[in-house]
Amino acid sequence: MISNLFHFISVVVLYRLASAISKPENSGKIAFISSVLHIISPAGVFLSAPYAESLFSTLNFVGMLLYVHARQTERALGAWKVPQDAYILCSGIAFGLATLVRSNGLLSGTIFLYDVLQLVPRTVALKLSMHDAHRTLATCAAGAIIALAFITPQAFAYQQYCMENERSRPWCRELIPSIYSWVQEHYWSVYIADECAQTHDVL
Amino acid sequence: MEAGKGMYSDSLMGRNPTVFLLLVFVLWKALLISLAVLSPGLGYDTSAGIILGQTVHQNSQLQPQSLPDRIALTHLRWDAFYFAGAAQRGYVYEQEWAFSRTYSFLMAAVKDCTLWLTVPRNTRCLLPRSSMG
């Protein structure tokens, strides 16, 4: 089953990722422990059954690994050039695909957001070097890919339900017509950041 | 390997991590699937029966005969049921939009590919086309 295959691939990618980001003297142990923990993950059968979890996990870890490659090769070269652009754009594509498979992949974009926000003070003071400007642009492009992946399925839903008749579904008239949040609330009583969720259910 | 990797360098883990991880993976999965299959009774969610061709009324007689059926019954629960349904016939109900169309499309594509590869040449033209939408 593809879920099992992707779970295994995910384990191997995590091993590579953990090796890449841990200090050389620890990397064997950290990579070993983290990848074995991922195998015996509490998610259990969910990673074998036809769920999006294992594919999402693989794509997410691949995205992180590519990002790590981008930053590590940048450090080794002392410059941000085309290979780094390629790495970070591919990282954005991996995260984007992950977001298509499970929409909370959007949160992986915070890695890129953090990088860009770090450079905001320098940008505002107009003290940005060419190197940093180049990196910021590439990072923004990668982030845009993720955002696109998040919005596109919802745009399809909007097109199918709302374009012809705005009154056809309650969520069409929201400021941000998102089918995801409405469906979660209405069918499964899952409210995003609502401490009154339990009262909603009862009333 | 760097000296700092310690005891792991000489073990199977150090020499060929992928093989070692595969071994642990296969053992663990075998354990999990056995647990799922050997759990007594039908379980709390027998929705898979709908896809396997058994109707709701026959639930009391729902005795999975074969191991593949039993595995399908235990795996096709909750979200998996939605993904499988969407892979077969696309989205019909609004709540199905919560489940990635990309993923169910992938499932359908893999199923088509496997059928294409395993079915004898002269019957390939008779395979149904999966429709999405």
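The values are calculated or read from the model by the stated rules, or taken from the named source; none is laboratory data. Just so it is clear, the model here is predicted, and its values are computed rather than measured. Neighbour counts are summed over all protein chains in view; Cβ atoms, including those assigned to glycine, are modelled from backbone coordinates with ideal geometry. Remember, those area values only see protein heavy atoms, side chains included, never the ligands or the DNA or RNA. Shrake-Rupley method; radii C 1.70, N 1.55, O 1.52, S 1.80 Å.
See the values below:
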| quantity | calculated |
| --- | --- |
| Members of segment B:89-108 found to be more than 7 Å from chain A (Cβ to nearest Cβ) and open to solvent by 40 Å² or more (accessible area, probe 1.4 Å), listed by number | B:89, B:92, B:93, B:105, B:106 |
| Residue selected from segment A:109-135 under the condition β-branched (Val, Ile, Thr) and touching a residue at least 24 places away in the same chain (Cβ under 8 Å), by the criterion most open to solvent (accessible area, probe 1.4 Å) | A:111 |
| Enumeration of residues in segment A:83-108 that are within 14 Å of another protein chain (Cβ to nearest Cβ), within 8 Å of the chain's Cα centre (by Cα), under 19 Å from residue A:138 (Cα atoms) and open to solvent by 40 Å² or more (accessible area, probe 1.4 Å) | A:106 |
| Residue count, segment B:1-42 (criterion: modelled with pLDDT under 85 and open to solvent by 70 Å² or more (accessible area, probe 1.4 Å)) | 9 |
| Given (1) more than 10 Å from chain A (Cβ to nearest Cβ); (2) in contact with a helix residue (DSSP H, G or I) (Cβ under 8 Å, 6 or more places away or on another chain); (3) at pLDDT below 75, index of the condition residue B:86 fails | (3) |
| Answer residue from segment A:13-26, given it is facing chain B (nearest Cβ under 7 Å) and without any contact (Cβ under 8 Å) to a residue 12 or more places away in the chain and is nearest to residue B:103 (Cα to Cα) among those | A:24 |
| Of residues in segment A:3-12 being more than 7 Å from chain B (Cβ to nearest Cβ) and open to solvent by 20 Å² or more (accessible area, probe 1.4 Å), the one nearest to residue B:26 (Cα to Cα) | A:5 |
| Candidate set: segment A:110-144, residues that are closer than 17 Å to residue A:75 by Cα and small (Gly, Ala, Ser); chosen: the one modelled with the highest pLDDT | A:138 |
| Residues satisfying the stated conditions in segment A:16-54, i.e. of a type outside the set (Gly, Ala, Ser), part of a helix (DSSP H, G or I) and surrounded by fewer than 16 Cβ atoms within 10 Å (Cβ to Cβ) | A:21, A:30, A:33, A:37 |
| Where a residue in segment B:91-111 is under 11 Å from residue A:100 (Cα atoms) and its partner, wherever it lies, is open to solvent by 20 Å² or more (accessible area, probe 1.4 Å) and acidic (Asp, Glu), with Cβ under 7 Å and at least six apart | B:99/B:79 |
| Residue match in segment A:147-161 (condition: more than 24 Å from residue B:102 (Cα to Cα), aliphatic (A, V, I, L, M), open to solvent by 20 Å² or more (accessible area, probe 1.4 Å) and away from chain B (no Cβ under 14 Å)) | no |
